[in-house]
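See below for the structure under consideration.
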Amino acid sequence: MFDQPVQLEVFPTDLHLRRIDPACNMRRFYRLSVQRDLFGGACLIREWGRIGNRGQVMIETHDDEGKAITALMKLAAVKRKRGYALPPATALPEVRKLKQR
């Protein structure tokens, strides 16, 4: 049971991005999450704001999980072009766990 290799996610369902620029006093976060709804579809939950504050939330409904993940990937690409990046402490935690064994 514990001997099975860990399967890494091909398509992420949770993504946390940050944009920090001390020269502009900018400390922002952008969080994307895909969750199933009660009606058989999927929701893309978008949260954003200044680090340390609650921020804002928007929920987009999609017909299935594949479309929601596609929307997540498109939004992530746009945010990365605007300077958002993965926080260094949470970049690929599954890989770090494997290296520690």
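The values are calculated or read from the model by the stated rules, or taken from the named source; none is laboratory data. Every value quoted in this text rests on a predicted model; they were computed, and no experiment measured them. Note: ideal-geometry Cβ built from the backbone for every residue, glycine included; neighbour counts use all protein chains shown.
Some observations on this one:
- Total residues in segment 61-86, condition surrounded by 15 or more Cβ atoms within 10 Å (Cβ to Cβ) and of a type in the set (Asp, Glu): 1
- Criterion violated by Gly52 - all others in (1) closer than 21 Å to Pro87 by Cα; (2) small (Gly, Ala, Ser); (3) not in a loop (DSSP other than H, G, I, E, B) satisfied: (3)
- Hits in segment 2-46 (condition: touching a Ser or Thr at 6+ places or on another chain (Cβ under 8 Å), assigned to a loop (DSSP other than H, G, I, E, B) and at pLDDT 90 or above): Asp37, Gly41
- Considering residues of segment 41-60 that are touching a residue at least 24 places away in the same chain (Cβ under 8 Å) and under 22 Å from Arg19 (Cα atoms) only, the residue surrounded by the most Cβ atoms within 10 Å (Cβ to Cβ): Leu44
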